[in-house]
Amino acid sequence: MSMPAFKTDAAPARPKLYSVEEAKQLDATTVRELFTAHVNPGQVHFLKLLGFDKIIVDRAQGMHYITRDGRKILDFFGGFCSVAFGHNHPRIVAARQKFQDENRHEICMAFMSQYASALAANLATIAPGDLDMVFLGSTGSEAMEAALKVAEQAQGPARSKILHAANSFHGKTKGVLSVTDSTLYQSQFKLVENRVKVPFGDIEAVRQALESDPAIGIVVMETIQGGGGIVEAPEGFWRELRALCDKHGVLWVADEVQCGLGRTGQFFAFERDGVVPDVTALAKALGGSKAAMGAMIARREIYMKAYGKPKTALIHAQATFGGMGEACISAIEALNVLYEEDLMGNAQRQGDYLIEKLNGLRAKHPSLLKEIRGRGLMIGIEFNDISETMPFGLKHMVALLDDKLKGSLCGFIGALLLKDYDMLVAFTEYNRNVIRLEPPLIVTREQCDEFIAALDDLLSRGITKIVTDYLRKVAVAKG
Ligand SMILES: Cc1ncc(COP(=O)(O)O)c(C=O)c1O
């Protein structure tokens, strides 16, 4: 039997690969085909339902996406808070460009990185109290994994039980998935069993849980629930939670991945209540809306207990891409921009204005709008459930497209805002009746007015016309 011949002298043949320039030029049909074949075929169904599958974004600048066919889309979505600085903020782009031109280094595992150290110091300076010790990663999930790990390591196995909130979202990686309260996301995965759930914002439920179960050593909650539909805890909740945690020796982990970094008008949303958690996490726009960057920040005492000795230090040292050079300098520049351009003040001012104007629209369109809530530029618009009010014939047609659409106006509103007004808004994982407005913190008064005028005009069409326009213009539109 003859052996197969191995060629050792020739380089492997180059497979047919897309070049960068070819990738930039791909048309919508090809992108849809590649996405279906290699990324997520099921997701294409939802992109098609909203008419988003026909759009190819060519560039993005400031508050706008610019499409291949020249449309300028006003971004009130903000990448679920990851575009806080707007698209391609000139100062952040220039800092990155200079860093590249100077051939600075990226990976910082062998040597101490001046960039990671300076960024950590900046975050410790900004964070209140002794929230001084920083772990750098690339995503919110990674930051939250680090947050739960530092708390568990400090508490020890006897107190490793985690109390979390109903309707919580803390990420989809294997650890934090256990405290992300979604049967859809948790699916059939084996979860961490050592956990207990209470309604969000219910201090009596927290009190009872902590009093009855000494194994609970960690409480984890978003300061404002984002995926749950922009939900705030009642006045006084965080101060009482802090007091309860102190009384029972429980560590409080505040997830600020969505609500942090100035979005509510203060750097951390928990600052409004004058309280300091034991551990917190940031991500999303931390990399200046240009780099993937997440951070866990822990109180020094807790960090030292968990990882403070040479013997324990490496349990936790950063992953390969933690503290990458260019990501760190993007974050350093972003933090300086946040203060120097008064973006937190702008978030507060424009947020107050939007909420006032949206409440005006609620008074004008009471059959459509149920509630406006939020703080700063983290705003939820809750629509009335229309499963009962939608005309029967339309209900049937809509249900044929997707069952999720039948009671919820958000899909129709979001699709038509994009189709007819070139405006982008965000949907909400757990509450299909809530549209999230989380625009970049650079949004102007004029852009807020533009958005309000568009929404008013669309709502003035009334339920029947909104649904039929959606069916005619988006669901059955070709090309
Ligand atoms: C509150 C909160 N925590 C954690 C995460 C996870 O962040 P990432 O998607 O970057 O992993 C998110 C993402 O939306 C979030 O909103």
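Based on the alpha-carbon gyration tensor of the stretch 1-106 and its eigenvalue square roots a ≥ b ≥ c, which shape applies: rounded if a/c is under 1.5, prolate if not and a/b is larger than b/c, or oblate?
Working: a/c = 2.85, a/b = 1.43, b/c = 1.99.
Cα axes put the stretch 1-106 in the oblate bin.
Please state, to two decimals, what the Cα-based radius of gyration of the chain comes to when divided by 2.2 N^0.38 Å (N = residues).
Values: Rg = 24.0 Å, N = 479, 2.2 N^0.38 = 23.0 Å.
Dividing the Cα radius of gyration by 2.2 N^0.38 Å gives 1.05.
Where a Cα-Cα gap under 13 Å defines reach, which aspartates and glutamates qualify for K98, not counting those fewer than 8 residues away within the same chain?
Within reach: E326, E333.
Go ahead and run the numbers for FRET between E388 and D27, Cβ-Cβ distance against an R0 of 45 Å, rounding to 0.05. Numbers along the way, then the final one.
Values: r = 42 Å, r/R0 = 0.94.
Taking R0 as 45 Å, the efficiency between E388 and D27 is 0.60.
As a test of the formula, what do you get for the chain when each DSSP H run with n ≥ 4 contributes -39,500 (n - 2.57) and the sum is divided by the residue count, at 222 nm and rounded to the nearest 500 deg cm²/dmol?
On the way: 18 runs with 194 residues, N = 479.
Per the formula, -12000 deg cm²/dmol.
Can you list the HN-Hα couplings for the stretch 432-443, worked out from phi with the Karplus curve (6.51, -1.76, 1.60; θ = phi - 60°), rounded to whole Hz and with x for Gly and Pro?
Computed from phi, the couplings for the stretch 432-443 are 5, 9, 10, 9, 9, 9, 9, x, x, 6, 8, 4 Hz.
Where a Cα-Cα gap under 23 Å defines reach, which lysines qualify for K190, not counting those fewer than 8 residues away within the same chain?
Partners found: K149, K161, K172, K174.
Short version: ³J(HN,Hα) in whole Hz for each residue of the stretch 398-403, in order, from phi by Karplus 6.51 cos²θ - 1.76 cosθ + 1.60 (θ = phi - 60°), x for Gly and Pro, what are they?
5, 4, 5, 6, 6, 4
How would you rank C410, C328, going from fewest to most other Cβ atoms within 10 Å of each one's own Cβ?
Working: C410 22, C328 27.
Fewest-to-most ranking of C410, C328: C410, C328.
What percent does the relative contact order of the chain come to when contacts are Cα pairs within less than 8 Å and at least six residues apart? Show your work: numbers first, answer last.
On the way: 871 pairs, mean separation 94.4, N = 479.
Across the chain, relative contact order equals 20 percent.
Which FRET efficiency, nearest 0.05, do E204 and D403 yield, Cβ-Cβ r, R0 45 Å?
Numbers: r = 36 Å, r/R0 = 0.80.
It comes out at approximately 0.80.
Pull up the cross-link candidates among the aspartates and glutamates for K370, meaning alpha carbon to alpha carbon under 17 Å and not fewer than 8 places away within one chain.
Within reach: E232, E356, E382, D385, E388, D456.
Taking 0.36 nm per residue of separation and subtracting the Cα-Cα distance, what length does fully extending T125 through E446 add?
Numbers: separation 321, 0.36 × 321 = 115.56 nm, distance 3.41 nm.
This chain segment gains 112.1 nm when fully extended.
Read-outs throughout are calculated quantities, based only on the coordinates presented, and are distinct from any laboratory measurement. As the structure is a computational prediction, the values presented were derived from the model and not from experiment. Please note: Cβ atoms are built from the backbone with ideal geometry, for glycine as well, and neighbour counts cover all protein chains shown.
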